[in-house]
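Enquirer: Below is one structure. I have some questions about it.
The values are calculated or read from the model by the stated rules, or taken from the named source; none is laboratory data. It should be emphasised that the depicted structure is a prediction, and the values quoted were computed from it without experimental measurement. Note that each Cβ is placed from the backbone with ideal geometry, even for glycine, and that neighbours are counted across all protein chains shown.
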Amino acid sequence: MRRFTSFEARIDSVAHRVLDRLPAQGPAGALVEFAVFGLKQAWACLFGGLLLALIIATHYLWPQNAVLARYDFLFLAALAIQVLMLAGGLEQPSEAKVILIFHVVGTVMEVFKTSAGSWIYPEESVFRVAAVPLFSGFMYAAVGSYLARISRIFDMRYTRYPAFWMTLVLAAAIYVNFFAHHYTVDMRYGLFAATALLFARTTVHYRVFRFRHRMPLLLGFLLVALFIWFAENIGTWSRAWIYPDQSGGWTPVSISKLGAWYLLMIISFVLVSVVHRPRTPEECRLLDGRPSAGQADAAL
């Protein structure tokens, strides 16, 4: 897996000319590391950030009687962003495959959930499947895009990662439960426990700029799920979609939804791992020819 597209490689080269001159130790060195971390996160969120910005902008600016519906504009805009990112070297083809998979998986779940009354899309559109506008699939795709990009940008590696087939079984069980709990017993607490057991010993190792850091993978799942929950609050506030209790006016999304996003994170991560298989630090050193895990790496 290449870490950078050609465009990113040029950014990396320019960034190194500046960052290599900055202090490496002490508070100043820590500040440099933190700043690069923020820049990398922003770059990984590029697709999702642009989509969220469009959702907010159209909430305020879209004409009520426009010929093109707001949802249709969001779908066409998301499609255009994807084409431009690929054509401009901002995204790898493998990441586009992840986005397509997420769009399909997300849209199927959206069709079911809206039919069950879990949430609604209050505006009309032409590009839709049943009650689901097609731009909604890109919201799931934004999660997949982020995970795929962050995996390579931060050069993520894993220790004590569970057997791949076990993660597939867990992801399938979580996805089935999103549908089945409407008819049978909700197994989410059992799935939380299974997730904890499977990934409890897994550590993710990631490089920011000069140094490699690590954290428990379960904590990483929780932090990303929390970030998505905040984004969902913005999405419902801008009425891109709403829950039944928000039909009379916006209220914050229940914190209980964080659990659903946490489980969705597992599905998302496993789907990304199909394209970008998790590797250990030792495997990466052998494949990339790097003599040391502590060697300075990319700034992007």
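Enquirer: With the checklist (1) free of Cβ contacts under 8 Å to residues at least 12 places away in the same chain; (2) within 16 Å of the chain's Cα centre (by Cα) in hand, flag the one item residue 137 doesn't pass.
Expert: It is condition (1) that residue 137 fails.
Enquirer: Taking the options 89, 29, name whichever one is touching an Asp or Glu at 6+ places or on another chain (Cβ under 8 Å) and surrounded by fewer than 17 Cβ atoms within 10 Å (Cβ to Cβ). Give the derivation first.
Expert: Numbers: 29 fails: touching an Asp or Glu at 6+ places or on another chain (Cβ under 8 Å).
Within the list 89, 29, the selection yields 89.
Enquirer: Collect the residues in segment 130-179 that are of a type in the set (Lys, Arg) and part of a helix (DSSP H, G or I), keeping them in residue-number order. Break it down stepwise before answering.
Expert: From segment 130-179, those of a type in the set (Lys, Arg) are 149, 152, 157, 160; that's our starting set.
The answer is 149, 152.
Enquirer: Still on this structure, please answer the following. Name the single residue, out of those in segment 98-136 being aromatic (Phe, Trp, Tyr) and farther than 21 Å from residue 70 by Cβ, that is surrounded by the most Cβ atoms within 10 Å (Cβ to Cβ). Even if it seems obvious, please write down each step before you answer.
Expert: Of the residues in segment 98-136, the ones aromatic (Phe, Trp, Tyr) are 102, 112, 119, 121, 127, 135.
From what is left, the residues that are farther than 21 Å from residue 70 by Cβ are 102, 112.
Numbers: 102: 25, 112: 15.
The qualifying residue surrounded by the most Cβ atoms within 10 Å (Cβ to Cβ) is 102.
Enquirer: Pick from 260, 194, 225: which is modelled with pLDDT of 95 or more, within 20 Å of residue 174 (Cβ to Cβ) and small (Gly, Ala, Ser)? Lay out the reasoning, then the answer.
Expert: Numbers: 260 fails: modelled with pLDDT of 95 or more; 225 fails: modelled with pLDDT of 95 or more.
Being modelled with pLDDT of 95 or more, within 20 Å of residue 174 (Cβ to Cβ) and small (Gly, Ala, Ser) holds for just one of 260, 194, 225, which is 194.
Enquirer: Condition (residue is of a type outside the set (Val, Ile, Thr) and within 18 Å of residue 219 (Cβ to Cβ)) applied to segment 248-259: is it met by at least one residue? Full working, then the answer.
Expert: Going residue by residue through segment 248-259, those that are of a type outside the set (Val, Ile, Thr) are 248-250, 252, 254, 256-259.
Now drop any that are not within 18 Å of residue 219 (Cβ to Cβ), which leaves 258-259.
Yes, that holds for at least one residue.
Enquirer: Among the candidates 137, 144, 117, single out the residue that is farther than 19 Å from residue 83 by Cβ and small (Gly, Ala, Ser). Give the derivation first.
Expert: Numbers: 137 fails: farther than 19 Å from residue 83 by Cβ; 144 fails: farther than 19 Å from residue 83 by Cβ.
Of the residues listed, the single one that is farther than 19 Å from residue 83 by Cβ and small (Gly, Ala, Ser) is 117.
Enquirer: Among the residues of segment 229-246, how many are over 20 Å from residue 134 (Cβ atoms), in contact (Cβ under 8 Å) with a residue 12 or more places away in the chain and either surrounded by 14 or more Cβ atoms within 10 Å (Cβ to Cβ) or hydroxyl-bearing (Ser, Thr, Tyr) (or both)? Quick ask: steps written out before the conclusion?
Expert: Residues of segment 229-246 that are over 20 Å from residue 134 (Cβ atoms), as a first pass: 229-230, 233-234, 237, 243-246.
Narrowing the set further to residues that are in contact (Cβ under 8 Å) with a residue 12 or more places away in the chain leaves 229, 233-234, 237, 243-244.
Now restrict to residues that are either surrounded by 14 or more Cβ atoms within 10 Å (Cβ to Cβ) or hydroxyl-bearing (Ser, Thr, Tyr) (or both): 229, 233-234, 237, 243.
Total meeting the criteria: 5.
Enquirer: Hey, does segment 222-237 have a residue that's under 13 Å from the mean Cα position of the chain (by Cα), of a type in the set (Gly, Ala, Ser) and within 26 Å of residue 60 (Cα to Cα)?
Expert: yes
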